[in-house]
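A.B. asks: Encoded as structure tokens, here's the structure I'll be asking about.
Values in this text are rule-based calculations from the coordinates and carry no lab data. These figures come from a predicted structure and were not determined experimentally. Here the Cβ is made from the backbone with ideal geometry for all residues, glycine too, and neighbour counts use every protein chain on show.
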Amino acid sequence: MKKISKTLIPFAISAVLMFTNCSKDDDTTTIAEPTNNAPKIEAQSFNVSESVADADIFGTVKATDADKDELSFSITANSDNLFEITKTGALSLVEGKTLDFETKASHEITVEVTDGKAKASAKITIKVIDVDENMPPVIADQTFSVAENSTSSVVIGTVVATDPDGDTLTYTLANSTGALAEFEITGNEIKLKSGFLDYEVLSSHIVTVTVNDGALTASAQITINVTDVVETSTITVSTFAGNSSGYVDATGTAARFALPSGCTVDSHGNLFIADGTNHSIRKVTPVGVVTTFAGGSPGYTDGTGTAAKFNYPYDIAIDANDNLYIADSNNNRIRKITPARVVTTLAGSGVSGSANGTGTAARFSTPRGIAVDASGNVYVSDYGNHRIRKVTSAGVVTTLAGGTVGFADGTGLSARFNHPSGLTVNSNGDIYVCDNSNHRIRRITPAGVVATIVGDGTVGFLDNTGTSARFSYPRDITVDANDNLYVTDFGNRRVRKITPAKVVTTIAGNGATGSADGNGPSATFNSAYGIASAGSGVFYVTDNGSSRIRKIVISNNH
């Protein structure tokens with residue numbers, strides 16, 4: 001609270017002193033009071049900022065008095081009762097009052113001054129000085145919705161923002177969740193830029209909109225929810241390369257393979273195939289040009305390109321640097337191939353066994369499945385040992401799970417498998433295994449905890465959920481960007497899909513033996529072995545019995 005002293009104006013007391021002369025003549029003499037001069041005050045002007053606080057003194061009124069009497073000031077005419085004055089002339093605002101240039105730029109008051117006997121007054125002008133009071137714009141978080149099948153340039157929503165000063169606002173879009181590739185802003189309208197949204201991939205996007213009034217800014221989070229649209233999938237199966245058994249480097253169906261098994265795709269879209277009885281690793285470009293990447297004759301030799309030798313390479317995987325890892329099945333070794341085609345042995349002595357160890361001190365028994373996680377760890381289905389082995393980038397081999405033939409969920413060595421084959425690793429680092437002779441798909445956490453995901457263990461064919469579904473010797477497995485699993489169901493001559501919710505469906509093959517291309521349900525396979533995802537709904541399958549490489553394309557139609 002403001003404390004301003006309030007002082008009463010004092011009375012000036014005068015007296016007439018009577019002196020009596022006690023002489024005999026009894027004469028009386030009177031002395032008169034001196035003449036008082038009134039104080040003088042002139043019109044004055046003060047400048048004060050409109051932001052002045054009510055406790056601030058913004059000026060002092062001046063007055064003079066010829067008699068040097070003590071003066072006291074007061075306000076006799078007050079503009080809107082805004083002002084007050086101390087007895088010494090100090091001006092301030094009345095407590096709780098404010099000034100506003102835009103409301104009134106000048107005020108006039110009358111100040112009276114007194115010396116106790118005489119008074120004088122004058123007009124005092126108080127000029128208000130403008131202060132830049134620009135307020136920032138106001139914008140709140142907002143939410144819009146857009147259908148996943150919307151086309152580019154469609155207006156998703158109009159961002160609402162206001163400016164207290166009425167300034168013109170400009171809008172900019174900033175990124176919060178990788179959404180700038182999808183959206184743009186024109187004026188205050190958010191539009192779809194890419195023309196491609198997918199509810200199943202990402203159902204909600206977040207962007208930040210910033211508004212600017214030319215001096216100040218404000219931002220808000222804009223949530224864009226993608227609404228689902230019922231989709232129909234078109235699935236087509238075609239022959240990508242190969243036609244019959246043989247060994248020919250060529251393009252498309254002019255090329256020849258011999259019992260191709262595992263396959264994988266590199267960062268450039270090239271397909272690599274473990275060409276079993278050709279004892280080679282073949283490379284197929286995205287346009288179908290087939291060449292020999294390494295190997296070509298049976299044996300065991302480390303070297304470069306075709307100087308290296310393999311003995312029935314069964315499966316193949318790739319790491320983030322495009323290094324290939326081979327389950328060299330009949331050599332009981334794990335081999336590594338660099339992008340420069342240099343072949344080395346990562347682990348395995350060549351002698352069948354189950355010993356853990358480092359490099360060539362370790363032993364495997366007919367390794368048939370292989371996968372690599374994001375950290376570069378290699379996982380191997382040790383088919384003959386009914387184990388899942390882990391190999392670090394330094395070649396240190398340990399047993400992650402299994403060890404005795406059978407079926408049991410559990411942790412580490414307490415779990416049981418029956419001839420495990422294909423492997424894959426999802427985005428969480430979980431390993432999925434085709435437990436071939438148990439007719440199940442198993443999951444292993446990085447800590448070695450094994451659980452059954454789908455399959456009831458009975459040989460058969462049934463699309464269903466979880467352990468109500470049935471498989472017949474599932475051979476290989478891959479995963480897409482949404483953690484859907486795809487399995488080559490060897491005995492059923494089909495390709496199956498497993499969602500994260502464990503729903504099993506068939507995407508290609510009708511169970512008949514053959515090599516017919518066509519839409520998913522009408523296509524036939526001879527013996528689907530390896531499978532690899534190339535992204536964007538494209539998959540490659542090695543049709544082992546027909547020595548062909550098949551291509552499956554899944555197109556979602558909104």
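A.B. asks: Considering only the other residues whose Cβ falls under 9 Å of the Cβ of Ser74, what net charge follows from Lys and Arg at +1 and Asp and Glu at -1?
C.D. replies: Summing Lys and Arg as +1 and Asp and Glu as -1 gives 0.
A.B. asks: Going by average Cβ density within 10 Å per residue, which order do the peptides 496-506, 474-484 take, highest to lowest?
C.D. replies: Ranking, from highest mean packing down: 474-484, 496-506.
A.B. asks: Quick check: net charge around Ser194, other residues with Cβ under 13 Å of its Cβ, Lys/Arg +1 and Asp/Glu -1?
C.D. replies: Once all neighbours under 13 Å are counted, the net charge is -2.
A.B. asks: Turning to a different aspect of this structure: Could you give the C-alpha radius of gyration of the chain expressed as a fraction of 2.2 N^0.38 Å, taking N as the number of residues it contains?
C.D. replies: For the chain, the normalised Cα radius of gyration is 1.89.
A.B. asks: How large is the convex hull of the Cα atoms of the stretch 138-227 per residue, expressed in Å³ as a whole number?
C.D. replies: 75
A.B. asks: Still on this structure: Mind scanning Lys193/Lys497; Lys62/Lys104; Lys193/Lys502; Lys40/Lys68 and naming the pairs with a C-alpha gap bigger than 23 Å?
C.D. replies: Pairs exceeding the cut-off: Lys193/Lys497; Lys62/Lys104; Lys193/Lys502.
A.B. asks: Continuing with this model, one more query. Viscosity 1.306 mPa s, temperature 10 °C: give me the Stokes-Einstein translational D for the stretch 232-557 in µm²/s, with Rh taken as the Kirkwood radius over C-alpha pairs.
C.D. replies: Translational diffusion coefficient: 84 µm²/s.
A.B. asks: Within a Cβ distance under 13 Å of Gly545, other residues only, what is the Lys/Arg minus Asp/Glu net charge?
C.D. replies: The answer is +3.
A.B. asks: Normalised by the residues of the chain, what does the relative contact order come to in percent, with Cα pairs under 8 Å and at least six apart?
C.D. replies: Averaging sequence separation for qualifying contacts and normalising by length gives 8 percent for the chain.
A.B. asks: Once each part is reduced to its C-alpha centroid, what is the distance from the stretch 376-421 to the stretch 146-174 in angstrom?
C.D. replies: Taking the Cα centre of each part, the stretch 376-421 and the stretch 146-174 sit 55 Å apart.
A.B. asks: If you don't mind, another one. Neighbour counts of other C-beta atoms within 10 Å: give me Ile318, Ile549, Ile57 arranged from fewest to most.
C.D. replies: Ile57, Ile318, Ile549
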